[in-house]
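Okay, so here's the structure we're looking at.
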């Protein structure tokens, strides 16, 4: 059966498989799995299916090799840390990722449109800090990640998709801004950026060896996070990251901007941005020290400098994950309609960037990005 609702997942087809299994003692047990499969459309092949490395192979490697390495690093210092579901390998040439269904263990997804409160945000930021710390220490021990793991979308294979998501969406963003008062300066900045956004994102993605670098999740938003609650009290116990298809080695700014512009409740998204960065930073330093990181520890100022330097990533978040998180569930939300040059695709993209919820997000986030210089074409 379908594993996600429309608008929760664009990149792959997600299925939930439920099995009734007869055990050796003749009793039965229900088990369930989540399976990701590729779309078969022309739009998918044009933007995602021509990559040199299959995104399904990349994600399986992440689950079965690198996540296990991160967990072992923590195990070696006496801390048990889990990042996501168990992954299984099948003897088949088909493209797939097969995962444990986390729901029977008590994990739940949350309303991406409403956003989450500070407690949930700090849980995710702690998990990101643990992930980032382990990914940096792993480089010390085993060297840099292979390119198909470290590049994400930021290479020639992903350039077309990045262009579709950024420069390709400018007309829709500008059309919406033309109906809104008070955002004229932001609109002018975006007009000046048009045609060069993809290039600027790829420039920002070049790894600066002088910075503190990690393996970013790169798609950290509420549709890719599940939360575990205590059954009796409803207390939040843990958060897991899912979907490791777009990991990118580089500045922590990529994950922080992406998550903090898409997932907190709107009323705390901007006015607590620096507070959340500080909470993340404290956890990052704590876990780097725990894992005996030998290089220079980044300062909080280093992190903020990188957030300013990589501000263009904020525009990528606005065009993509922030728009998706604000959209009401609709059957027209699909990979094909996001990217294909059809009347149906145009209608969906118009809805995606013109609905009232997205306008509320733009009204708050765009001036903030403009005031930080993130949209300057210099």
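No value in this document is a laboratory result; all are computed from the given coordinates. It should be emphasised that the depicted structure is a prediction, and the values quoted were computed from it without experimental measurement. Here Cβ is always computed from backbone atoms with ideal geometry, including for glycine, and neighbour counts include all displayed protein chains.
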> What distance in nm separates the simple spin-label points at residue 179 and residue 294, each placed 7 Å from Cα in the Cβ direction?
Replying inline: 5.8 nm
> At a Förster radius of 22 Å, what calculated FRET efficiency corresponds to the Cβ-Cβ distance of residue 103 and residue 45, to the nearest 0.05?
Replying inline: 0.10
> Which whole-angstrom value gives the distance between the alpha carbon centres of the range 305-370 and the range 108-155?
Replying inline: 22 Å
> If r is the Cβ-Cβ distance from residue 231 to residue 90 and R0 is 25 Å, what FRET efficiency results, to the nearest 0.05?
Replying inline: 0.15
> Can you sort 261, 177, 237 by how many other beta carbons sit within 10 Å, fewest first?
Replying inline: 237, 177, 261
> If you build a Gaussian network model of the chain, linking Cα atoms that sit under 10 Å apart, which residue out of 298, 38, 209 swings the most?
Replying inline: 209
>> Helix-only estimate, please: 222 nm mean residue ellipticity of the chain, summing -39500 (n - 2.57) across DSSP H runs of length 4 or more and dividing by its residues, to the nearest 500.
In response: -13000 deg cm²/dmol
> Hey, fewest Cβ within 10 Å first, where do 297, 128 land in order?
Replying inline: 297, 128
